[in-house]
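Here's the structure we're looking at; comments come further down.
The values are calculated or read from the model by the stated rules, or taken from the named source; none is laboratory data. Just so it is clear, the structure is predicted and the values come from calculations on it, not from any experiment. No Cβ is skipped: glycine too gets one built from the backbone with ideal geometry, and neighbour counts run over all protein chains shown. When the accessible area is computed, the model is the full protein with side chains, heavy atoms only, and any ligands, DNA or RNA have been set aside. Shrake-Rupley method; radii C 1.70, N 1.55, O 1.52, S 1.80 Å.
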Amino acid sequence: TAGLGAALLAYAAFGLLPLRLPAVAPRAEPWAGPLIGLLTGLVTAATGVFVLPAVPYLQALGLERDRLVQALGLSFTVSTLALAAGLATGGGFGGGTLSGSMLALLPALAGMALGGWLRGRVAASTFRRCFFGGLLLLGAHLLWQGLGG
């Protein structure tokens with residue numbers, strides 16, 4: 001829980017601060033992409049969060065907004081499937097876990113639809129601040145609970 005909270009705090013801080021990674025040169029993509037994939041896999045295995053360092057890397061590629069959203073969606077889909085495969089092979093879907101996870105997809109899909117609708121109606125800077133502010137609060141809460149608070 002503390003690791004998950006720390007990962008969310010790091011991602012939220014990166015999103016809220018005016019820090020940006022330098023643009024990734026096209027000649028670096030053949031080695032940087034697999035390296036970032038490996039690091040993202042390690043963070044995901046430890047915390048279940050697959051945004052670091054994949055999302056900052058994808059942002060550093062300089063994709064236009066819709067292509068970035070597509071790349072993020074693809075990355076999250078592949079990461080989710082890999083995480084599910086890992087859980088399945090490790091016996092993580094016993095009891096009611098699978099049915100509970102399937103049920104949890106309903107609000108997740110509703111949230112995705114709402115986010116897509118809001119993305120076109122709210123200023124990007126406002127959406128960004130609200131999104132990362134929410135992640136910051138969630139990460140702080142999880143870190144606090146994980147540390148015994």
ask   = Any idea what the dipole of the chain comes to, in debye rounded to 20, about its Cα centre with Lys/Arg Cβ at +1 and Asp/Glu Cβ at -1?
value = 360 debye
request  = Let me have the relative contact order for the chain, percent, based on Cα pairs under 8 Å that are six or more residues apart.
outcome  = 50 percent
request  = Report in % the part of the accessible area of the range 70-118 that belongs to carbon and sulfur, leaving out ligands and nucleic acids; probe 1.4 Å.
outcome  = 79 percent
remark   = Pseudo-spin-label distance MET112 to ARG65, built 7 Å along Cα→Cβ, given in nm, is 2.0 nm
message = Taking the Cα of LEU72, stepping 7 Å toward and past its beta carbon, and measuring to each backbone N in the range 113-138: which are under 15 Å?
response = 113-136
remark   = Given a 1.4 Å probe, the accessible area of the chain per residue, as a whole number of Å², is 64 Å²
key: Structure-based [θ]222 nm, the chain - -39500 (n - 2.57) summed over DSSP H runs of at least 4, per residue, nearest 500   = -25500 deg cm²/dmol
ask   = Taking the mean number of other Cβ atoms within 10 Å as a proxy for protection, how do you rank 95-106, 38-49, 78-89 from highest to lowest?
value = 38-49, 78-89, 95-106
note = Shape call for the range 70-144, from the Cα gyration tensor axes a ≥ b ≥ c (a/c under 1.5 means rounded, otherwise prolate when a/b beats b/c, else oblate), comes out prolate
Part-to-part distance (alpha-carbon centres) for the range 66-95 and the range 1-41, which is given in Å = 17 Å
